[in-house]
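The values are calculated or read from the model by the stated rules, or taken from the named source; none is laboratory data. Predicted, not measured: the structure shown is a model, and the values here were computed from it. Here the Cβ positions follow ideal geometry from the backbone for every residue, glycine too, while neighbour counts run over all protein chains shown.
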Amino acid sequence: MKLHTLRPAKGATHKEKRLGRGEASGKGGTATKGNKGGQSRAGYKSKMAHEGGQMPIQRRLPKRGFKNINRIEYKVLNLGQIDQLIEKYGFNEISPENLYINGLLAQNDLIKILGNGELKAAVNFKVNAISEKAKAAIEAAGGSVEIVR
């Protein structure tokens, strides 16, 4: 093998398509772009979701539901989860600040306590919302509840 005999593998290279170079080339006249119109011109760009006159999918499908702008999203904690957090982190107060410092919540998250599970320790709560069952269970365990806004 010598440098002057090196060639690409057979079938690895292709001849360049020479468009619009006369009728004899087989690709003259329209340069394989069909006939007249925007799509045969330089700089053509179709609009997003344009379906060529067919009714677009976003208009064919029905509207469904709505987004309530007044909805309040809470991060929900059950009493069983709180008991595990107390064991793991040694909390004596459950508040948004404590949970944020320990990386359990985002800074602006709202907390709601629900009554699923058991609470063994007496813990003070500063939360945004709480269910009646959870409040009764916390007070029965010797804790207190304060609603913060």
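Within segment 58-87, the residues that satisfy the criterion of being assigned to a helix (DSSP H, G or I) and closer than 14 Å to LYS112 by Cα are LEU79, GLY80, GLN81, ILE82.
Please find, within segment 131-149, the residue that is surrounded by the fewest Cβ atoms within 10 Å (Cβ to Cβ) out of those that are in contact with a helix residue (DSSP H, G or I) (Cβ under 8 Å, 6 or more places away or on another chain) and in a strand (DSSP E or B). Give the derivation first.
Step one: list which residues in segment 131-149 are in contact with a helix residue (DSSP H, G or I) (Cβ under 8 Å, 6 or more places away or on another chain), which gives 134, 137-138, 144-145, 148.
With in a strand (DSSP E or B) added as a condition, the list becomes 144-145.
Working: SER144: 13, VAL145: 17.
That would be SER144.
Is one or more of the residues making up segment 88-105 of a type outside the set (D, E, K, R), in contact with a strand residue (DSSP E or B) (Cβ under 9 Å, 6 or more places away or on another chain), touching a residue at least 12 places away in the same chain (Cβ under 8 Å) and assigned to a helix (DSSP H, G or I)? Scanning segment 88-105 turns up at least one residue that is of a type outside the set (D, E, K, R), in contact with a strand residue (DSSP E or B) (Cβ under 9 Å, 6 or more places away or on another chain), touching a residue at least 12 places away in the same chain (Cβ under 8 Å) and assigned to a helix (DSSP H, G or I).
When the residues of segment 42-84 are filtered to those that are hydroxyl-bearing (Ser, Thr, Tyr) and under 30 Å from THR30 (Cα atoms), the one that is modelled with the highest pLDDT is TYR44. The criterion of being in a loop (DSSP other than H, G, I, E, B), farther than 30 Å from LYS17 by Cα and among the aromatic types (Phe, Trp, Tyr) does not hold for PHE125. Taking the listed residues GLU51, GLU23, the one that is farther than 30 Å from LEU119 by Cα, surrounded by 11 or more Cβ atoms within 10 Å (Cβ to Cβ) and acidic (Asp, Glu) is GLU51, with no other qualifying. Note on segment 64-110: among residues that are charged (D, E, K, R) and within 17 Å of ALA129 (Cα to Cα), the one that is surrounded by the fewest Cβ atoms within 10 Å (Cβ to Cβ) is ARG71.
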